[in-house]
Amino acid sequence: MQITRVEPIALTTPYGTPGAQTSQRSAVFVEVELADGTVGVGETYLGVYMPELAIEAVKFFEPFLIGRDSTNIAKCWSDCQWISSYVGRTGPTVMALSAIECALWDILGKRLGVPVHTLLGGAVHDRLPLYASGGVPTFTLAQLVSHAKEVVRDGYLGFKMRANPIAYQPSVETERVAAVREALGPDRLLAVDAVQNFNPQPWSVKQALDLLDQLAPYHLAWAEEFLPPFDPVPYADLRARSRVHISGGEGITTSAAFAQWLRADAFDIAQPDPTIVGGIGEARRVCELAAAQHVRVAMHVWGSGPTMMANYHLGFTQPNCFILERPVMHNPLEVETLVEPLKIIDGYLMPPTAPGLGVELTAAVKAKYPYRRGSASLFG
């Protein structure tokens, strides 16, 4: 079926809980429509940080897609990357193209009446554990502990909290991790994301090691982005010297770029995201490259419903995906874009059953959350 419309749609919603660093968040989605009226939906993570740029990037690709066969997803993707290759081999244009590619998978699933994980070869997991992701650094210690207790109450099997992405303060981070571990109990997974991609003076390998030594008594499942995502060599050094599993890769665009990090032995756990790396096809290649290096995968999931579902569908098809992330920062676009609720039993997510990605941007949602210029987030 021919593509007749490619449209970026920006929305802005209330976001977060008291104590969070921001009270609103924007998202940029892409609707791709076919001649028969079928509409697929994708999302680009670029829309959180640079929504206006995301809108224009999608518009750039539109004329090259109108009239194309929507079922030839690989050809649509490769041709779009080629026309932007001089300035966009990696980075924002790839992130914008991610949304288009995800929307094409959504369309194909909807037209065939099957979920995307079926299109990808079928689920290899009958369930996957979910961990809650929140614990932002602007929470007070009391708020952070309360947040962790909510995670326990809601039945999640683990929790990922954030360290301060700017300041290096081992005693403070140790106190906060200790308090969260006590709130979670000894058995739930606990991970820490240091978000060093935001730090203008990111930590050194030695600083990261010193902090991880202090956090060792609290049994971290992994340490995420404890170094800046610029060079795989320091990551490999940290991984070789740390007792804690090292994770990262959420901001890497294209499987070719990700392959360089995997060849360098930079990660114990790789964290690709279809809405960043170039789409579901590129993210699948990353998972397969990681498997060849005996690296486990924990999909990065920090967006709205289309981001969640693209990651979840892919995760269910990858043998080395061992856990899935569920943001718990009260973003209404996580649930209001789903066509069926997530099926969670005892902290485990069941494979989605709705056709396509299982998402839709209704007229009511579009009207409810009009886009506000200047609403780009600095810290997600």
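The table below lists the values:
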{"item": "Mean accessible surface per residue for the chain, computed with a 1.4 Å probe while every protein chain stays in place, in Å²", "result": "39 Å²"}
{"item": "Summed side-chain charge close to PRO232 - residues other than PRO232 whose Cβ falls under 12 Å, Lys, Arg +1, Asp, Glu -1", "result": "-1"}
{"item": "Kirkwood Rh and Cα Rg combined as Rg/Rh, the stretch 67-211", "result": "1.11"}
{"item": "Beta bridges by DSSP in the chain, antiparallel share as percent, to the nearest 5", "result": "50 percent"}
{"item": "Under 13 Å, Cβ to Cβ, from ASP193 - net charge with Lys/Arg +1 and Asp/Glu -1", "result": "-2"}
{"item": "For the stretch 1-49: rounded, prolate or oblate by the Cα gyration tensor [a/c cutoff 1.5]", "result": "prolate"}
{"item": "Cα gyration tensor shape for the stretch 188-253, rounded if a/c is under 1.5, else prolate or oblate", "result": "prolate"}
{"item": "Sulfur and carbon atoms: percent of accessible area, the chain [1.4 Å]", "result": "55 percent"}
{"item": "Average projected area [Cα convex hull, the stretch 220-301], square nanometres", "result": "4.6 nm²"}
{"item": "The stretch 50-125 and the stretch 298-365: distance between their alpha carbon centers, rounded to Å", "result": "18 Å"}
{"item": "Percentage relative contact order, the chain, counting C-alpha pairs under 8 Å, at least six apart", "result": "22 percent"}
{"item": "Sorted peptide list for 201-208, 280-287, 22-29, 362-369, criterion being average Cβ within 10 angstrom, highest first", "result": "280-287, 22-29, 201-208, 362-369"}
{"item": "Cα gyration tensor category, rounded, prolate or oblate, for the chain with a/c compared to 1.5", "result": "prolate"}
{"item": "Counted charge near ILE9, where neighbours are those whose Cβ lies closer than 9 Å (Asp, Glu -1; Lys, Arg +1)", "result": "-1"}
{"item": "When each of LYS149/LYS366; LYS59/LYS366; LYS75/LYS110; LYS110/LYS160; LYS59/LYS368; LYS75/LYS343 is checked by Cα-Cα distance, pairs over 29 Å", "result": "LYS149/LYS366; LYS110/LYS160; LYS75/LYS343"}
{"item": "Highest-first arrangement of 134-145, 73-84, where packing means the average Cβ count within 10 Å", "result": "134-145, 73-84"}
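The values are calculated or read from the model by the stated rules, or taken from the named source; none is laboratory data. From a predicted model like this one, the values you see are computed outputs, not experimental measurements. No Cβ is skipped: glycine too gets one built from the backbone with ideal geometry, and neighbour counts run over all protein chains shown. Protein only, heavy atoms only, side chains kept; ligands, DNA and RNA dropped before computing areas. Shrake-Rupley method; radii C 1.70, N 1.55, O 1.52, S 1.80 Å.
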